Amino acid sequence: MLVETRDLVCRFGDIIAVDGVSIAVDKGEVVVIIGPSGSGKSTLLRCLNALEEIHSGEITIDGIKIDKHHHHIHEVRLEVGMVFQHFHLFPHLTVLENVNLAQIVVRKRSFAKATETSRELLSKVGLADKIDVYPAQLSGGQKQRVAIARALAMNPKVMLFDEATSALDPEMVGEVLAVMKELAHSGMTMLVVTHEISFAREVADRVLFLDNGKLVESGSPEELLVNPRHPRLREFLSRVL
Amino acid sequence: MDWLFEQTATLSKIFFYLVQTIHLTILITIVSYVIALALGLTFGVARIWPNKLVRVVAATYVNTLRGIPLLVLIFFIYFGLGKIIDLERFWAGVIAVGICYGAYLAEVFRAGILAIEHGQHEAALSLGMTRWQTLRHVILPQSVRIVVPPAANEFIACLKDSSLVSIIGLRELTRAGREYASDTFLDFQTWLVVGLLYLIMTLTLTRFVHYLEKKVAVAGYGAQKNAG
């Protein structure tokens, strides 16, 4: 298993955001996490990158364990790429510098080597012509594609997408989903939190449904989306579809 | 007419005499401010460091130094510490001004760092950067743009407060003015010129700050700070 959590609990004060979730994700698997807002799906994802503190339970990523003392978070973050809802590009750097930065600073690649990787990834996401532009001059969809390239440049073993299309104008959602689909087909292990049920249906190997911090149901997209068993999931799907 | 001519001649005489002493005012200001910048950056970062002990030490420095009048600090360092260690006037003066303004600048830097959206930290950390790398490559370069105007304000205030070190016998502009006035009894004209010389320096600096603000701006960045 590439990503594994066991009885993971994450809380903010008295609020239990993730309540004893155990999941296991194989290499190359695409797992889509759905659920109403406040169900803990984003928090679960953020725990996998040690952006949230773990209250109890454990996470193992590619054999590296994160416990609540946050040992090894640095090693784990090197293996895990993350794409945020609000992009979080570095506004003071150009597109190329955004993608280069961590490669040079963290992976200790030379500028030439990093730039080569960045150019390749940026042309893959269709932004080869925007290399010297600052983020403020890009559309939302373009920003998110740069953010994906930036995460991929670190050669992560897993990619996490935290509502990557939720902040986008409708006409830009497609271009970002297309990049994500291509990535899924190329064999990347992905955990995707999204409201795009069609993406789940087309791309996911497995769908997880979270409600109130608990993993309520999991299975193939057909099982979950076509024949949901749990009443909460049925209710949720009737509202989003 | 003669009176006016006479006064003008006196004023310009004083002006050209005193202008020779502003180099020391400028030197004291710059050296003090460099000390203040180093301390301000260090303690500004320390105030928001995850380690609690570091934060407490930094907060103590800021609150203590902000709460003591600069003049008292100058006396304490020159006369007080001067009894224990041999300190030249110049160094006693710039250290006093430096650590005082270091406390002010620590607050400026702290605010500049806190003004950067939390997502920037998270993005950098998620790319495997350490806290220090995040600060160095992502946060501080953005904070600079926020910090320039208030830090420049402090520089101008620092220039004016450098006049306080005249009290320990450093012959900068204010001290030279006092000596000149008491030698010639031309108090009105002398202090008028001293004030004018400070004003010329501060106005020049204000101009320079405007230039600097334009220079550190990135195209389109100001408009969409949060959407980056």
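Key figures for this structure:
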read-out: For the protein assembly as shown, share of DSSP beta bridges that run antiparallel, in % to the nearest 5; value: 55
read-out: Sequence-separation-based contact order of chain A, relative, with Cα cut under 8 Å and 6+ spacing, percent; value: 26
read-out: Total charge dipole magnitude, chain A, about the Cα centre, Cβ charges on Lys, Arg, Asp, Glu only, Debye to nearest 20; value: 380
read-out: The stretch B:1-56: trypsin sites (Lys or Arg not before Pro) in DSSP loop, at most 11 other beta carbons within 10 Å; value: none
read-out: Shielding by partners, peptide A:137-144 (average Cβ within 10 angstrom, other chains); value: 1
read-out: Alpha carbon centroid spacing (whole Å) that separates the stretch A:137-176 from the stretch A:214-241; value: 26
read-out: Between the stretch A:43-110 and the stretch B:63-100, the alpha-carbon center distance in angstrom; value: 46
read-out: Residue-averaged 222 nm ellipticity for chain B, from DSSP H runs of 4+ at -39500 (n - 2.57), nearest 500; value: -24500 deg cm²/dmol
read-out: Other protein chain Cβ atoms within 10 Å, averaged over every residue that makes up A:78-90; value: 4
read-out: For q = 0.13, 0.19 Å⁻¹, Debye-computed log10 I/I(0) when each Cα of the stretch A:139-217 counts as one equal scatterer; value: -0.41, -0.85
read-out: Shape parameters for chain A, alpha-carbon atoms, Rg then Dmax in Å; value: 17.7, 55
read-out: For residues of A:93-101, the mean tally of beta carbons on other chains within 10 Å; value: 2
read-out: Nearest-20 debye value, chain B charge dipole, Cβ charges on Lys, Arg, Asp, Glu; value: 860
read-out: Dipole moment magnitude, nearest 20 debye, the protein assembly as shown about Cα centre, only Lys, Arg, Asp, Glu C-beta charged; value: 680
read-out: Axial C-alpha extent at least 18 Å, average Kyte-Doolittle at least -1.0 - helices from chain B (DSSP); value: B:2-18, B:22-46, B:52-66, B:89-114, B:140-161, B:187-216
read-out: Chain B: relative contact order as a whole-number percent, Cα under 8 Å and 6+ apart; value: 28
read-out: Dipole of chain A [Lys/Arg +1, Asp/Glu -1 at C-beta], most positive-end residue of A:213, A:158, A:123; value: A:123
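The numbers here are math on the coordinates, done by the rules we state, and not lab data. None of these values were measured; they are calculated from a predicted model. Note that we place each Cβ from the backbone using ideal geometry, even for glycine, and neighbour counts take in every protein chain shown.
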